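Here the structure comes first, spelled out in structure tokens, and everything after it is commentary.
The values are calculated or read from the model by the stated rules, or taken from the named source; none is laboratory data. Just so it is clear, the model here is predicted, and its values are computed rather than measured. A quick note on method: Cβ atoms are made from the backbone with ideal geometry, for glycine too, and the neighbour counts reach across all protein chains shown.
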Amino acid sequence: MNHVIPVPPQPTVPVLGGGLFPVRRIYCVGRNYAEHAQEMGFTGREPPFFFLKPADTVLPVADGVIGEMAYPPLTANLHHEIELVVAIGIGGRNIKAADAVRHIWGYAVGLDMTRRDLQNDMKKQGRPWSIGKAFDESAPIGPLHAIGRTGELNRGAITLSVNGAQRQSGDLSDLIWNVAETIETLSNAWTLQAGDLIFTGTPSGVGAVVPGDLLEGRIEGLGSLQLRIKQG
Ligand code: MN
């Protein structure tokens, strides 16, 4: 080893019951629930698509703890997107949907936090979304649950409340591309590796949060993720 600067820390996500999952890449699926695509101004019939966040945007929140996220700079419209996160344990390319489940290490509740005003500016100009999606702490995530404990998750309620009032509500069975199809489609474009996380898309009801707000995301079988927005 002869690194010329200190090696940056390896981002990790705690596993429920102990251990750490090292994060390699974060893939995100856009417009994977029809009603959310419609609220964003689309028909809900276009195929979903992908974007990425850097691995070090994860903001791990331990089980039973209220995490803290600093309100990020340059935005006046920070949005919540509750999402099922799939952790890849065995990599591969050109994975068939029928074989996808054996590549899954586990699942978590995640938030694809979005600077919606910046994302919308970039969309209008036909520019990349990175500044709206891939900023520091933009991927809060609860503990990973091993698939051996949860079984394969293909249905179940996915909800998000802010200060106790429900904002988002859907069911995993409403995904346009289910998890297996997402893994197949992703692995045709990139070689998936152990350590990859996939944020699978958000149901309708996205909206803004401000400092002081308490978010609680829930997915049936995975418990909850609690996050307080702090002054930036
Ligand atoms: Mn999203």
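Worth pointing out:
- R228 passes every criterion in (1) more than 25 Å from T43 (Cβ to Cβ); (2) touching a helix residue (DSSP H, G or I) at 6+ places or on another chain (Cβ under 7 Å) apart from (2).
- Filter pass, G18 being in a loop (DSSP other than H, G, I, E, B), within 16 Å of the ligand (Cβ to nearest atom), over 22 Å from A189 (Cβ atoms) and not acidic (D, E): no
- Verdict on H79 being surrounded by 16 or more Cβ atoms within 10 Å (Cβ to Cβ), modelled with pLDDT under 95 and not polar (S, T, N, Q): no
Every residue, every condition in (1) surrounded by fewer than 17 Cβ atoms within 10 Å (Cβ to Cβ); (2) closer than 16 Å to H36 by Cα; (3) away from the ligand (no atom under 16 Å from the Cβ), yes or no:
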residue	(1), (2), (3)
N163	yes, no, yes
R167	no, yes, no
W177	no, yes, no
E184	no, no, yes
G201	no, yes, no
V206	no, yes, no
L222	no, no, yes
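- In the range 39-57 there is at least one residue that is within 16 Å of the ligand (Cβ to nearest atom), touching a Ser or Thr at 6+ places or on another chain (Cβ under 9 Å), modelled with pLDDT under 95 and farther than 18 Å from G132 by Cβ.
- Here is the figure for the range 79-137: residues that are more than 16 Å from V23 (Cα to Cα) and in a helix (DSSP H, G or I) total 20.
- Residues of the range 32-59 that turn out to be crowded, with 20+ Cβ neighbours inside 10 Å, touching a helix residue (DSSP H, G or I) at 6+ places or on another chain (Cβ under 6 Å) and not in a strand (DSSP E or B), as a count: 0
- Of the residues L144, L84, L153, L118, the single one that is hydrophobic (A, V, I, L, M, F, W, C) and within 13 Å of the ligand (Cβ to nearest atom) is L84.
- Taking each residue of the range 173-202 that is among the charged types (D, E, K, R) and looking for partners that are at pLDDT 95 or above and surrounded by fewer than 20 Cβ atoms within 10 Å (Cβ to Cβ) with beta-carbon atoms closer than 7 Å, six or more apart or interchain, yields E181/A97; E184/K96; E184/A97; D196/R24; D196/R25.
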